[in-house]
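See structure below.
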Amino acid sequence: MFYHNITPHEFFINIHSHLVRQIVYGRKELQKYVSLFSSAIADSEYNKSELEKYGYTNVVYFPIKPVLENFNSENTSSLRKLLQDGKQNILFVGRVTPNKGHADLIKSFYFLNKSGFRNTRLIMVGEYAGFEKYYWWLQDLCSKLKLDNVLFPGLVDYDDLIDYYRAADLFVCLSQHEGFCVPLVEAMYFRIPVIALGKTAVPDTMKNAGLVITEIDYWKIAELMGIMLEDSELRDRVLKKQDEVYRYYQSFDLDSNLKIHLKPYLK
């Protein structure tokens, strides 16, 4: 079994009742199947520890190695030209669901604007199909905070996603639950400084790179965003460490490690 985690159902109560039922069922199945597996693979230490708590044995950690060949395009599109209009772009990539922390990011961005960083733009790329109720609640939050510089592009193709990454000055992830969080590694690939909330698998994915915070404090997060946008020396230090972590992911030989791990079971 390869385990990427199951988001706790509590995040979706009163938002997606069908998904709540599926998650509860999935957790029960996960516990029920313990005796059927002689080994399991987890893509983060967090996921590994969760399986072990359920009683799974011989659990190994193999990190995700993101396939980034589709991100090699250097074409300058009209979208990128629009985004490179002098504003500083703060980016998050992830499905528009309650666990991903969009509301906290919007509120932190509000305080960033209040502190004088008005020439900024918050871009939150991600599909919201099935979560329209939550999506419109976030839009209403932006309206109440009088934020007209927040974009929800929705689900985008690779070319547009590349443009959003290449136009970004900062990547901020305030997600409350992640099994790995591939966009963090994608941000490293594009050499975008990362600020991330250190919950669930995020600290393991970041591996002491970026700025990993321990709690949600809107003013403090806004202050960190402002510093990261202005302090070129700090950005360089952060990017240097992120480059090291990115090279670790790229150098991990999944095929070889998988063959070694599975060899005893294939005799």
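As a proxy for reagent exposure, L141, L36 were ordered by neighbouring Cβ count within 10 angstrom, fewest first; the result is L36, L141. Taking 7 Å steps out from each Cα toward its Cβ at Q139 and K240 produces label points 4.6 nm apart.
Length gained on full extension, E230 to L151: 26.2 nm, using 0.36 nm per residue less the C-alpha separation. Based on alpha-carbon atoms, the Kirkwood radius and the radius of gyration of the chain give Rg/Rh equal to 0.98. Between helix 45-54 and the chain there is an angle of about 40 degrees, using the helix long axis and the longest principal axis of the Cα atoms. Inter-label distance, Y158 to Q84: 2.1 nm, where each label sits 7 Å from its Cα along the C-beta direction.
Can you give me the angle between helix 102-114 and the longest principal axis of the chain, using Cα atoms only, in degrees from 0 to 90, rounded to the nearest 10? Computed tilt is about 30 degrees.
Rg and Dmax of the stretch 113-255, based on Cα coordinates, read 15.7, 50 Å. Over all pairs of different C-alpha atoms, the stretch 178-267 has a mean inverse distance whose reciprocal, the Kirkwood radius, equals 14.7 Å.
Looking at this model, which pairs from K53/K259; K199/K241; K81/K207; K114/K146; K48/K207; K199/K220 are more than 22 angstrom apart at the alpha-carbon?
Details: K53/K259 26 Å; K199/K241 20 Å; K81/K207 33 Å; K114/K146 11 Å; K48/K207 16 Å; K199/K220 17 Å.
Where the Cα-Cα span goes over 22 Å, the pairs concerned are K53/K259; K81/K207.
For the chain, the longest principal axis of the alpha carbon atoms and the long axis of helix 218-230 meet at an angle near 70°.
Once both labels are positioned 7 Å from their Cα atoms along Cα-to-Cβ, the gap between V34 and H4 label points is 2.5 nm. Exposure proxy shown here: for T57, T7, the number of other Cβ atoms within 10 Å sets the order, fewest to most, as T57, T7.
Express the relative contact order of the chain as a whole percentage, based on alpha carbon pairs under 8 Å and six or more residues apart in sequence.
Relative contact order for the chain comes out at 19 percent.
Each value in this text was obtained by applying a stated rule to the coordinates, not by laboratory testing. Source: prediction; values computed, not measured. Note that each Cβ is placed from the backbone with ideal geometry, even for glycine, and that neighbours are counted across all protein chains shown.
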